Amino acid sequence: MASVAVDPHHPSVVTWVVTLPLVSSMYDPMSSAHVSTKDQCPYLKSVCEMAKKGVKTITSVAMSSALPVIRKLELIYACKELDRIEERLLILNQPSAQVICF
């Protein structure tokens, strides 16, 4: 398989999406709700922690195998499409509070 050059002007897709104002402005409220729910329900917290550990293990194995393919596809398709989506969906460049007001 041919190697793919990383373009320093295009961050990873995950980094790009997370930095979109709509997504980034929703992180804190969602994180607070998650922590609050775990604190109020100890049994749910235990079950979630076990599930989280299992998912992390499975994900680690899967990602080590899939990462080279994912990186190549990400560079080829995702960055180009994210540019187009960001241009067409102007709502992505607004914080959630502003979107909710509409």
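The values are calculated or read from the model by the stated rules, or taken from the named source; none is laboratory data. Quantities reported herein were computed from a predicted structural model and do not represent experimental measurements. As a convention, Cβ positions derive from the backbone with ideal geometry for all residues, glycine included, and neighbour counts pool all protein chains shown.
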Item checked: Counted residues, the stretch 54-81 - those being without any contact (Cβ under 8 Å) to a residue 24 or more places away in the chain, hydrophobic (A, V, I, L, M, F, W, C) and within 12 Å of Ser12 (Cα to Cα) -> 2
Check: Out of all the residues in the stretch 40-51, which are surrounded by 10 or more Cβ atoms within 10 Å (Cβ to Cβ) and not hydrophobic (A, V, I, L, M, F, W, C)?
Finding: Lys45, Ser46, Glu49
Notebook entry, point to check: Pairs under 6 Å by beta carbon, first residue under 16 Å from Gln98 (Cα atoms) in the stretch 17-38, partner assigned to a helix (DSSP H, G or I) and β-branched (Val, Ile, Thr), six or more apart or different chains?
Noted result: Val23/Val17
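Does Gln94 meet the test of being under 26 Å from Asp28 (Cα atoms), among the polar types (S, T, N, Q), at pLDDT below 80 and in contact with a helix residue (DSSP H, G or I) (Cβ under 9 Å, 6 or more places away or on another chain)?
Here the answer is no, as Gln94 does not meet what is asked.
Determine whether Ser60 is loosely packed, with under 11 Cβ neighbours inside 10 Å and either of a type in the set (Ser, Thr, Tyr) or within 19 Å of Tyr27 (Cβ to Cβ) (or both).
Against the criterion (loosely packed, with under 11 Cβ neighbours inside 10 Å and either of a type in the set (Ser, Thr, Tyr) or within 19 Å of Tyr27 (Cβ to Cβ) (or both)), Ser60 qualifies.
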Note to self: Can you pull out every residue in the stretch 39-55 that is of a type outside the set (D, E, K, R), closer than 28 Å to Ser96 by Cβ and in a helix (DSSP H, G or I)?
What the structure shows: Gln40, Leu44, Cys48, Ala51, Val55
Notebook entry, point to check: Which of the residues that make up the stretch 56-102 are in contact with a Leu (Cβ under 8 Å, 6 or more places away or on another chain) and not small (Gly, Ala, Ser)?
Noted result: Ile85, Glu86, Ile91, Leu92, Asn93, Gln94, Pro95, Val99
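Can you give me the number of residues within the stretch 82-102 that are in contact (Cβ under 8 Å) with a residue 24 or more places away in the chain and under 17 Å from the mean Cα position of the chain (by Cα)?
Qualifying residue count for the region: 6.
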